[in-house]
Amino acid sequence: MIKTEHLCKRYPSVTAVEDVTFEVRPGEVLGFLGPNGAGKTTTMRMLAGFVTPTSGRASICGHDVEREPLAARQCLGYLPEGAPSYGEMRVAAFLEFIAELRRLDGARKRARLDYVTERLQLSSVLDRPIETLSKGFRRRVGLAQAIIHDPPVLILDEPTDGLDPNQKHEVRTLIDEMAREKIIVISTHILEEVDAVCTRAIIIARGRIVADDTPLQLTSRSRYHNAVSLQLARSDQLEAARAAVAGLAAVASVEVSEREARLTALPRSGAMILQEVAALAASQGLQLKELHLESGRLDEVFRTITA
Amino acid sequence: MRNVALILRRELASYFATPLAYVFILIFLVLANAFTFYVGDFYQRGQADLRPFFLFHPWLYLFLIPALTMKLWAEERKSGSIELLMTLPVKTWEAVLGKYLAAWLFTGLALALTFPIWITVNYLGSPDNGVIFASYLGSLLLAGGFLAIGSCMSALTRNQVVAFILGVVACFVLLLAGYPLVLDAFRGWAPQTLIEAVASLSLLTHFQSITRGVLEARDVLYFAMLIAFFLFTTTVAIDLRKAD
């Protein structure tokens with residue numbers, strides 16, 4: 001379990017993290033969201049024992065990160081921001097170095113090295129110095145060192161930054177697979193990633209937690225939650241359609257995109273307007289290219305909360 | 001100790017993964033021998049000893065050792081790998097000691113590669129090999145002292161050039177602590193005991209007393225305490241400011 005209590009980090013000129021309290025249990029994948037500079041990395045660094053909190057406490061698997069730093073670190077796999085490593089080292093030597101510092105030996109070490117090499121597709125670069133690798137490979141080497149000792153807790157600072165869509169998919173699959181028995185915390189500013197891998201999301205802004213919920217619940221906070229979007233085949237019907245939809249009692253407002261010939265009807269709170277809008281479209285003789293119910297827009301929630 | 005050994009091995013390998021090791025050893029050997037023969041008048045003195053050889057070691061180390069140590073910690077900070085190292089289950093002192101010992105072992109290797117001059121002097125005459133052996137030990141201890149100072153200076157900054165300059169200045173001051181250049185800064189205001197204390201810190205005095213062939217416990221103790229002090233300071237500096 002990861003536990004933080006009133007974690008604060010103040011620098012002389014700025015407060016980076018203010019009163020952050022949360023718990024993460026096995027099986028949870030927690031996504032840390034927030035604008036750049038919101039305090040995501042500082043919070044993760046405090047969990048990893050790299051930054052000392054000004055006040056408050058954090059523990060990993062019951063080990064306080066300040067009083068029992070080594071026990072806490074042994075339970076933890078950590079990918080620092082930017083996946084730093086020793087550039088002049090070859091991938092194989094680097095992973096072996098980390099494995100040995102993680103107290104892996106003999107057959108177990110061999111097996112774990114083989115596993116991470118296979119899982120992160122590193123076999124083609126094992127003999128290359130890390131500094132000659134592409135950004136994607138470096139990130140995967142960073143992930144490999146984080147999971148090499150099969151830790152119960154993983155903290156990954158932007159694990160998919162710099163990866164192409166295929167590699168992103170691979171890493172998300174890996175996180176999904178590990179999620180069942182581990183506690184995973186990732187930070188990201190790719191919102192689709194939260195939907196894809198996280199069971200829970202914490203949004204941080206200016207050092208404080210401003211939302212802590214499931215991705216689904218967060219999306220439902222959007223004003224686009226249960227909105228109905230319709231795209232017309234003929235743009236000359238746009239004005240008539242807008243007026244008709246806006247006339248519905250349950251519709252709060254209508255947004256129009258003339259370029260796409262699209263209307264988005266936002267419901268009054270709690271109202272379900274799909275049926276009504278569909279019926280209206282039929283009775284008005286609107287020619288539709290598309291009609292769908294929106295679940296909400298995470299980016300819009302993100303902007304509203306963190307603005 | 002396992003962690004110290006692992007870090008030592010990694011560091012040592014990293015010296016040889018870059019041209020650094022080869023350039024350092026080459027320059028050290030060329031300069032050590034050039035000083036001995038051209039400035040130290042090795043032949044013209046007509047004496048079978050290695051005094052002119054060891055005479056220049058402090059001045060050679062003064063610039064070469066900070067060049068070796070400037071990257072020890074500053075580079076870790078700059079590249080961010082310090083965040084990786086300090087979040088592994090490794091104690092700070094283990095990392096400090098591992099890196100330091102790697103640098104010392106490497107310097108020891110460079111020093112050992114000067115062995116042809118020892119053979120040469122034995123071929124030309126019959127020197128006191130005990131004095132030469134003590135001088136080699138003294139030189140190794142002096143290098144160890146400089147390395148500890150350099151390690152500490154490197155821990156204070158993320159800029160390697162700054163680490164180098166701080167290293168040279170700190171080594172220079174401690175080297176000449178017993179000489180007027182440094183002592184004059186204290187005379188006039190400091191009590192006599194402080195001046196004597198400063199003078200007794202002089203690396204050069206202790207080094208010269210060893211190269212005369214007398215390996216005294218107090219000289220060895222002096223170097224051991226100097227090294228322990230600066231490694232301890234390095235550990236504190238890293239612990240306090242690892243994330244800066």
Does at least one position in segment B:121-138 carry a residue that is under 13 Å from the mean Cα position of the chain (by Cα) and closer than 30 Å to B:Ile238 by Cβ?
-> yes
Look at segment A:141-162 and say how many of its residues are open to solvent by 10 Å² or more (accessible area, probe 1.4 Å) and more than 19 Å from A:Ala111 (Cβ to Cβ).
-> 3
Among the residues of segment B:140-156, is any away from chain A (no Cβ under 14 Å), outside any helix (DSSP H, G or I) and closer than 21 Å to B:Ser209 by Cβ?
-> no
State yes or no: is A:Leu218 out of contact with any Pro (no Cβ under 8 Å at 6 or more places or on another chain), under 30 Å from A:Val24 (Cα atoms) and open to solvent by less than 10 Å² (accessible area, probe 1.4 Å)?
-> yes
Residues in segment B:54-74: is at least one within 14 Å of another protein chain (Cβ to nearest Cβ), surrounded by 17 or more Cβ atoms within 10 Å (Cβ to Cβ) and not aliphatic (A, V, I, L, M)?
-> yes
Filtered residues of segment A:193-210 (kept if touching a residue at least 60 places away in the same chain (Cβ under 8 Å) and either open to solvent by 40 Å² or more (accessible area, probe 1.4 Å) or part of a strand (DSSP E or B) (or both)) | A:Asp195, A:Thr199, A:Arg200, A:Ala201, A:Ile202, A:Ile203, A:Ile204, A:Ala205, A:Arg206, A:Arg208, A:Ile209, A:Val210
Out of all the residues in segment A:221-246, which are open to solvent by 60 Å² or more (accessible area, probe 1.4 Å) and assigned to a loop (DSSP other than H, G, I, E, B)?
-> A:Arg221, A:Arg223, A:His225, A:Arg234
Considering every residue within segment A:35-55, establish whether at least one is in contact with a Pro (Cβ under 8 Å, 6 or more places away or on another chain), touching a residue at least 12 places away in the same chain (Cβ under 8 Å), away from chain B (no Cβ under 13 Å) and buried (at least 22 other Cβ atoms within 10 Å of the Cβ).
-> no
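Would you confirm whether any residue within segment A:57-78 is small (Gly, Ala, Ser) and free of Cβ contacts under 8 Å to residues at least 12 places away in the same chain?
For segment A:57-78, residues small (Gly, Ala, Ser) and free of Cβ contacts under 8 Å to residues at least 12 places away in the same chain: present.
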Which one of these is closer than 22 Å to B:Ile7 by Cα and either away from every other protein chain (no Cβ under 14 Å) or part of a loop (DSSP other than H, G, I, E, B) (or both): A:Gly27, A:Gly87?
-> A:Gly87
Which of the residues that make up segment A:102-125 are away from chain B (no Cβ under 14 Å), open to solvent by 50 Å² or more (accessible area, probe 1.4 Å) and outside any helix (DSSP H, G or I)?
-> A:Gln121
Restricting the first residue to segment A:1-18 and requiring it to be open to solvent by 90 Å² or more (accessible area, probe 1.4 Å), which pairs with a second residue that is not aliphatic (A, V, I, L, M) meet a Cβ separation below 6 Å and a spacing of at least six or different chains?
-> A:His6/A:Asp19; A:His6/A:Thr21; A:His6/A:Gly56; A:Arg10/A:Thr54
Selection count, segment A:56-74, where residues are hydrophobic (A, V, I, L, M, F, W, C) and buried (at least 20 other Cβ atoms within 10 Å of the Cβ) | 4
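The values are calculated or read from the model by the stated rules, or taken from the named source; none is laboratory data. Remember, predicted model here, so these are calculated numbers, not experimental data. Here Cβ is always computed from backbone atoms with ideal geometry, including for glycine, and neighbour counts include all displayed protein chains. The accessibility values were calculated without ligands, DNA or RNA, using every heavy atom of the protein model including side chains. Shrake-Rupley method; radii C 1.70, N 1.55, O 1.52, S 1.80 Å.
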